[in-house]
1. Testing L306 on (1) of a type in the set (A, V, I, L, M); (2) buried (at least 19 other Cβ atoms within 10 Å of the Cβ); (3) touching a Ser or Thr at 6+ places or on another chain (Cβ under 8 Å), one condition comes back false. Which one is that?
2. Filter region 61-83 for residues that are in a helix (DSSP H, G or I) and open to solvent by 60 Å² or more (accessible area, probe 1.4 Å); which is farthest from C125 (Cα to Cα)?
3. Check region 16-36 and report whether any residue there is modelled with pLDDT under 85, at negative phi and among the hydroxyl-bearing types (S, T, Y).
4. Given the options A251, A211, name the one that is modelled with pLDDT under 85 and over 28 Å from A323 (Cβ atoms).
5. In region 327-350, what residues are touching a residue at least 24 places away in the same chain (Cβ under 8 Å) and open to solvent by 50 Å² or more (accessible area, probe 1.4 Å)?
6. So, D118, is that one of a type in the set (D, E), open to solvent by less than 80 Å² (accessible area, probe 1.4 Å) and assigned by TED's automatic domain parsing to the domain that holds L75 or not?
7. Looking at the structure I just gave you, is L311 assigned to a loop (DSSP other than H, G, I, E, B) and at pLDDT 80 or above?
8. E294: of a type outside the set (S, T, Y), within 24 Å of G228 (Cα to Cα) and open to solvent by 60 Å² or more (accessible area, probe 1.4 Å), yes or no?
Amino acid sequence: MSLVRQLRLFSADSGLTARRTPFDPESERLLEAYCRARLAEGAHPRSAEREVSQLRTLARESGAPRDPLPLSELLADPVQIARVLVEPAFPIARSTGRARLLAVQRFVRLVGPLVGRDAASDLCCLDASLPAGPTNGWHAAGTLVAGEPGRRRDRGPTLDGADLLRIVDRAAEGQDPLRRARDRALVAVQCFSGLRPEEVVGLRWEDLEWARMAGGYFGLTAGVHRRGSRLRLFVPGPAAAAVRGLAEHSAEEMVTLTGPVFRARGRAGRLLSYRSARMILTRACRRAGFPAVEAAELRAAFASWLRVQGLSDHEVAEVLGLARVRSVDGLLRRHAELGAQRTVRERLDR
């Protein structure tokens with residue numbers, strides 16, 4: 001018995017999935033050169049990665065279906081760049097449209113001369129090809145690109161400490177004890193520490209140390225590089241216990257372990273990829289009854305949990321590795337709004 005897949009009725013597409021054509025080697029070389037140039041200017045690695053992602057999207061929308069236009073050809077056609085910026089293939093948020101404009105402007109400025117282009121002339125041509133509206137400030141050109149106001153993605157849930165513990169408890173699955181311990185530790189560190197996602201996947205055993213923090217509390221700490229200096233961030237109990245559980249699967253003591261903490265399956269010593277770590281977290285959230293949660297929402301829930309443990313705003317900022325205490329207020333804004341709503345409801349119900 002053979003199965004026949006029903007095609008879509010109102011679509012010219014066959015509905016069959018097809019792999020997208022990879023970028024040509026020259027385009028990959030230009031993207032690597034762009035990323036190096038942005039890092040040399042002092043841009044954060046995540047910012048450079050997001051800009052490269054926007055450039056890939058522009059190249060794909062400029063070419064044939066599933067066949068991206070080579071970036072050298074895209075650089076030679078500012079009018080085509082302007083068309084894609086104004087008429088994207090799918091609806092996007094206004095912030096995304098502006099991010100694409102900034103990324104392509106920087107790409108023309110930094111990479112254009114590498115392929116023999118006059119960056120100043122190409123930028124002028126691109127600016128002339130884009131529509132412009134009135135502006136109230138001398139610092140704004142009034143350039144208009146595609147994008148709708150508001151968020152394109154639904155706002156995620158406002159989590160608390162109990163929700164984080166529920167996600168961690170549902171992280172481990174499968175029959176392999178080592179994989180279960182790895183997934184649980186990975187999700188626990190993402191939920192109960194101030195480490196960013198890229199810092200979590202890049203964590204090494206040498207970065208972990210049992211030490212006493214400036215606030216007087218003793219426990220597991222993780223060393224990270226931020227703002228040009230080395231910081232030690234406190235890793236509280238739930239995450240520390242999960243990491244210790246992962247270390248118990250080794251024949252050595254935790255203090256003697258070396259190499260990546262979270263390793264991929266297969267070749268020994270290979271780091272777990274960012275995408276794989278994200279998939280593990282997403283599956284844990286869904287098994288716990290939540291949608292996929294962003295890193296900022298986890299940090300906000302962790303900050304709320306620290307507040308419940310009795311830490312002050314200054315101590316919360318220290319544990320999260322934040323440079324400004326006022327950033328804690330931004331993280332906890334939605335928690336404060338929910339608290340105000342509960343207070344009003346309780347008073348009305350009396």
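The values are calculated or read from the model by the stated rules, or taken from the named source; none is laboratory data. Computed from a prediction, not measured in an experiment: that's the story for all the values here. Don't worry about glycine lacking a Cβ; one is built from the backbone with ideal geometry, like all the others, and counts go over all protein chains shown. Only protein heavy atoms, including side chains, enter the accessible area calculation; ligands, DNA and RNA are left aside. Shrake-Rupley method; radii C 1.70, N 1.55, O 1.52, S 1.80 Å.
1. (3)
2. Within region 61-83, the subset in a helix (DSSP H, G or I) is 61-62, 71-75, 78-83.
If we keep only those that are open to solvent by 60 Å² or more (accessible area, probe 1.4 Å) as well, we get 73, 79, 83.
Details: E73: 15, V79: 7, R83: 12 Å.
Restricting to residues being in a helix (DSSP H, G or I) and open to solvent by 60 Å² or more (accessible area, probe 1.4 Å), the top hit is E73.
3. There is at least one residue in region 16-36 that is modelled with pLDDT under 85, at negative phi and among the hydroxyl-bearing types (S, T, Y).
4. Working: A211 fails: over 28 Å from A323 (Cβ atoms).
Answer to the selection: A251.
5. Keep residues of region 327-350 that are touching a residue at least 24 places away in the same chain (Cβ under 8 Å), which gives 328, 331-332, 334-335, 338.
Hits for region 327-350 are R334, L338.
6. On the way: of a type in the set (D, E): yes; open to solvent by less than 80 Å² (accessible area, probe 1.4 Å): no; assigned by TED's automatic domain parsing to the domain that holds L75: yes.
No.
7. Working: assigned to a loop (DSSP other than H, G, I, E, B): yes; at pLDDT 80 or above: yes.
For L311, the condition - assigned to a loop (DSSP other than H, G, I, E, B) and at pLDDT 80 or above - is met.
8. Values: of a type outside the set (S, T, Y): yes; within 24 Å of G228 (Cα to Cα): no; open to solvent by 60 Å² or more (accessible area, probe 1.4 Å): yes.
Answer is no for this residue.
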